[in-house]
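Okay, so here's the structure we're looking at.
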Amino acid sequence: GPALTIAHQHLRSLPQPAKRREQRRRQRDGHSVLRSSDQSHGVAMSRIGGSVVDSKRVFVTGSTTGLGLEAAKMLAEAGHQVVLHARSKERSRTAEAALPGGSAAVIGDLSVLSETVAVAEHATKHGPFDAVIHNAGIYQPGSRRQVTVDGLEQTFQVNVLGPYVLTALIPVPTG
């Protein structure tokens with residue numbers, strides 16, 4: 001879908017593998033991704049390879065495994081502030097362990113509408129966000145139609161309604 005295309009385009013604009021390896025080496029050696037206390041204009045600053053760059057705040061849904069976790073790792077390595085999303089506390093702990101540079105984790109199951117609203121409210125406390133990557137989704141080929149507690153088809157609720165509700169409820173950054 002469009003969100004995946006935008007996320008893919010953004011990921012392609014990130015540093016190439018050799019550059020990422022160099023960034024990880026520098027970070028291990030204490031030279032990269034040093035947060036500054038400068039929070040002017042709501043933008044944190046990062047030092048990457050000796051130069052100061054604007055750090056963006058990004059919320060990544062479905063960031064406990066797979067592409068979501070890899071996107072979160074790449075963004076964090078590039079010096080951005082990443083807020084993770086997990087369906088459960090257990091999955092959140094796994095993601096936080098894999099990405100110690102994540103600034104926070106929001107927990108909520110997007111197959112439950114009230115939890116989706118709570119995810120938006122909790123995420124808003126960690127914003128404003130420069131970008132939201134709607135990575136959470138389900139795909140169950142050949143399975144029987146499953147209806148959520150809200151009476152909606154599960155795939156529709158998680159893959160379509162969830163991102164829509166989050167987009168509608170998470171404020172757009174100003175300035």
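Pick out, in residue order, every one of the trypsin sites (Lys or Arg not before Pro) in the range 81-175 that is DSSP loop and has at most 11 other C-beta atoms within 10 Å; say none if there are none.
When the trypsin sites (Lys or Arg not before Pro) of the range 81-175 are filtered for loop state and at most 11 Cβ neighbours within 10 Å, ARG144, ARG145 remain.
Between VAL172 and GLU121, what is 0.36 nm times their sequence separation minus the Cα-Cα distance? Round to one decimal in nm.
17.0 nm
Checking the a/c ratio against 1.5 first, then a/b against b/c, what shape does the Cα gyration tensor give for the range 47-175?
prolate
Scan around ILE133 for amide H atoms under 5 Å from its own, H built in the peptide plane at 1.01 Å from N, and keep only partners 5 or more places away or cross-chain.
When sequence neighbours closer than 5 places are left aside, the close amide H contacts are PHE59, VAL60, THR61.
Do any chymotrypsin sites (Phe, Trp or Tyr not before Pro) in the range 73-175 lie in a loop, going by DSSP, with at most 11 other beta-carbon atoms within 10 Å of their beta carbon, and if so which?
TYR139
Mind giving me the nanometre distance, one decimal, between the label points for MET74 and ARG93, set 7 Å out from Cα along Cα→Cβ?
3.0 nm
Short version: ³J(HN,Hα) in whole Hz for each residue of the range 103-111, in order, from phi by Karplus 6.51 cos²θ - 1.76 cosθ + 1.60 (θ = phi - 60°), x for Gly and Pro, what are they?
7, 6, 9, 10, 10, x, 8, 6, 8
What nm distance separates the two modelled labels at ASP54 and PHE156, each placed 7 Å from Cα along Cα→Cβ?
Computed distance between label sites ASP54 and PHE156 equals 4.0 nm.
Taking 0.36 nm per intervening residue step and subtracting the Cα-Cα distance, what contour gain separates GLN146 from SER103 on full extension?
Full extension from GLN146 to SER103 adds 12.1 nm.
Note down the accessible area of VAL172, probe 1.4 Å, to the nearest 10 Å².
About 120 Å², ignoring ligands and nucleic acids.
The values are calculated or read from the model by the stated rules, or taken from the named source; none is laboratory data. The structure presented is a predicted model; accordingly, all values stated were derived computationally and were not measured. Cβ sites come from the backbone with ideal geometry, for glycine too, and all protein chains shown count toward neighbours. Accessible surface areas use protein heavy atoms only, side chains included; no ligands, DNA or RNA. Shrake-Rupley method; radii C 1.70, N 1.55, O 1.52, S 1.80 Å.
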